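All remarks here apply to the structure that follows.
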Amino acid sequence: MKKFIIVTLVVAMSLVVGCGIPDPVVKGKIVEVNTDSGAIMVESTSDDMTGPVWIALNDVKYKSGVSKEFAVGNYVELTIEAAVAQSYPPQAIAKKVTVNNE
């Protein structure tokens, strides 16, 4: 009986550890574009992050059909890496751009 409980706990723990936390999403309007650094500032309204956030666009992937041209006022949705610099405003690295509309 003890072996059964131990095996059950080990299996349950491995399932929990195997479940990844989804990457955060930033949604909002672009308020600044820095072409020198390749970053945009987004006024995020998503559940994952609110307020202004700098997003670096190095090595980012784009959903098919999404524009690679960013302009102030565009609405964007981006998946970012989980590690976010806790400066003000926060700084993050984009993984994927799913929406970029005027």
Item to check | Selection from Val72, Ala92, Thr50, by position along the positive dipole direction of the range 23-101 (Cβ) | outcome: Val72
Checklist entry - Quick one: putting +1 on the C-beta of Lys and Arg, -1 on the C-beta of Asp and Glu, what dipole do you get for the range 23-101 around its Cα centre, in Debye to the nearest 20? => result 220 debye
Item to check | Label-point separation, Glu81 to Asp59 (7 Å along Cα→Cβ), nm | outcome: 0.7 nm
Next on the checklist: Regarding the range 23-101, what's the average projected area of the Cα-atom convex hull, expressed in nm²?
Outcome noted: 4.6 nm²
Checklist outcome for this item: Descending packing, highest mean Cβ count within 10 Å first, for 32-44, 63-75 is 32-44, 63-75
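We did not get these values from a lab; they are worked out from the coordinates using the rules stated. Quantities reported herein were computed from a predicted structural model and do not represent experimental measurements. Methodologically, a virtual Cβ is constructed for each residue, glycine included, from the backbone with ideal geometry; neighbour enumeration extends over all protein chains shown.
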